[in-house]
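Visitor: The structure that follows is given in the form of structure tokens.
The values are calculated or read from the model by the stated rules, or taken from the named source; none is laboratory data. Remember, predicted model here, so these are calculated numbers, not experimental data. Cβ atoms come from the backbone with ideal geometry, glycine included; neighbour counts cover every protein chain shown.
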Amino acid sequence: MVELAPLHEPIAGPPLPPKVEIVGVPISLTSYSEMIDIIGSPPAERALAVAVCNVHSVMSARRDVALHRAISGADIATTDGVPLVWVLRLTCQPGQRRVYGPELMKQALQQGVERGWRHFLYGATSATLDRLRAAIDRFAPGAIVVGQIAPPFRDLTPAEADAVVAELRSSGADVVWVGLGMPRQEKWMHQFAPRLPGQTLVGVGAAFDLLSGTVRQAPAALQRVGLEWAFRLWQEPRRLWRRYALNNPLYLLLAIDQLIRYRRSARAQGAVRGRRW
């Protein structure tokens, strides 16, 4: 499996992790500890963009050119979904672990206390944001949250976009947590990153709902075996059944095809090396 070079110029601070394609979408080989270091080192001329990716993300990106561009253009695209981790472990990165959006946000809020990070919450509803801030006070006491915006559930007008940019920049936030849901948050970060220099944007999907307690998280045992989707489907069958019915079987077929091609390539390379000796 070929590693992909970052699309952007190298940033100051820790180097960006390499990316490899999973079913045609570039995903980063990274970890929680590496992410914490990188989150605190955005470039001065634009924002650092971090996408958290799962099966829904990569399968949607295969159909949506703008989404594919946004995920590919993100500085980092983490392995939020366990099935993505499986592909990496069976190919290029045996030790790859999950980098789960809610856990990444929780760790960054906790470890950011000593680092003096200032956080901004963008997304969800006002009620969810209020509950999230109360939860942050419990699991990350001392974390600095400098603002929150619950945007409308539609595209922003140019005037609204300018107002959001002005508020985010004037807040002095170091990290902007974006909880608009996929694909809105990925496209939003891709659009706004050039206008928010020196900040880090992290699109964390359902983390606002999960960390605030608005939505229950799947038991850890289900998460470890890649069945978090089944728990979510049980919670919201009407909203999610179509997503999983379409995405999961096709992802499985594409992942198996990728693994077969990888092993054939590895065998061929081994045969070539053998002939050289």
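Visitor: Could you give every pair whose Cβ atoms fall below 6 Å, whose first residue belongs to the stretch 126-155 and is within 14 Å of residue 213 (Cα to Cα), and whose second residue is loosely packed, with under 11 Cβ neighbours inside 10 Å, counting only separations of at least 6 or pairs across chains?
Guide: From residues that are within 14 Å of residue 213 (Cα to Cα), there are no pairs.
Visitor: Let me ask something else. Restricting to the stretch 100-143, name every residue that is touching a helix residue (DSSP H, G or I) at 6+ places or on another chain (Cβ under 8 Å) and either part of a loop (DSSP other than H, G, I, E, B) or β-branched (Val, Ile, Thr) (or both).
Guide: Scanning the stretch 100-143 gives 100, 117, 124, 128, 136, 140, 141, 142, 143.
Visitor: What number of residues within the stretch 49-84 satisfy the criterion of being within 12 Å of the chain's Cα centre (by Cα) and either part of a strand (DSSP E or B) or among the basic types (Lys, Arg) (or both)?
Guide: Residues in the stretch 49-84 being within 12 Å of the chain's Cα centre (by Cα) and either part of a strand (DSSP E or B) or among the basic types (Lys, Arg) (or both): 9 in total.
Visitor: List pairs: first in the stretch 235-260 and among the small types (Gly, Ala, Ser), second in a helix (DSSP H, G or I), Cβ under 8 Å, 6+ apart or cross-chain?
Guide: 255/83; 255/86; 255/87
Visitor: Next up: Which of (1) in contact (Cβ under 8 Å) with a residue 40 or more places away in the chain; (2) touching a strand residue (DSSP E or B) at 6+ places or on another chain (Cβ under 7 Å) is the odd one out, the single condition residue 198 does not satisfy?
Guide: (2)
Visitor: Tell me the residue from 137, 162, 130 that is within 22 Å of residue 193 (Cα to Cα), surrounded by fewer than 18 Cβ atoms within 10 Å (Cβ to Cβ) and over 22 Å from the mean Cα position of the chain (by Cα), please.
Guide: That would be 162, the only listed residue that is within 22 Å of residue 193 (Cα to Cα), surrounded by fewer than 18 Cβ atoms within 10 Å (Cβ to Cβ) and over 22 Å from the mean Cα position of the chain (by Cα).
Visitor: Further, regarding this structure: Mind counting the residues in the stretch 170-189 that are surrounded by fewer than 18 Cβ atoms within 10 Å (Cβ to Cβ) and out of contact with any Lys or Arg (no Cβ under 8 Å at 6 or more places or on another chain)?
Guide: Qualifying residue count for the region: 2.
Visitor: Scan the stretch 57-76 and tell me whether some residue there is aliphatic (A, V, I, L, M), in contact with a helix residue (DSSP H, G or I) (Cβ under 8 Å, 6 or more places away or on another chain) and surrounded by fewer than 20 Cβ atoms within 10 Å (Cβ to Cβ).
Guide: Yes, that holds for at least one residue.
Visitor: Right, next: Pairs please, first residue from the stretch 3-28 and part of a strand (DSSP E or B), second anywhere and at pLDDT below 55, Cβ atoms under 6 Å, 6+ apart in sequence or on different chains.
Guide: Going by the 6 Å Cβ cut-off, the qualifying pairs are 19/4; 20/1; 20/3; 26/4.
Visitor: A follow-up question, please. Evaluate the following for residue 44: is it under 20 Å from residue 198 (Cα atoms), surrounded by 24 or more Cβ atoms within 10 Å (Cβ to Cβ) and not hydroxyl-bearing (Ser, Thr, Tyr)?
Guide: No, not satisfied.
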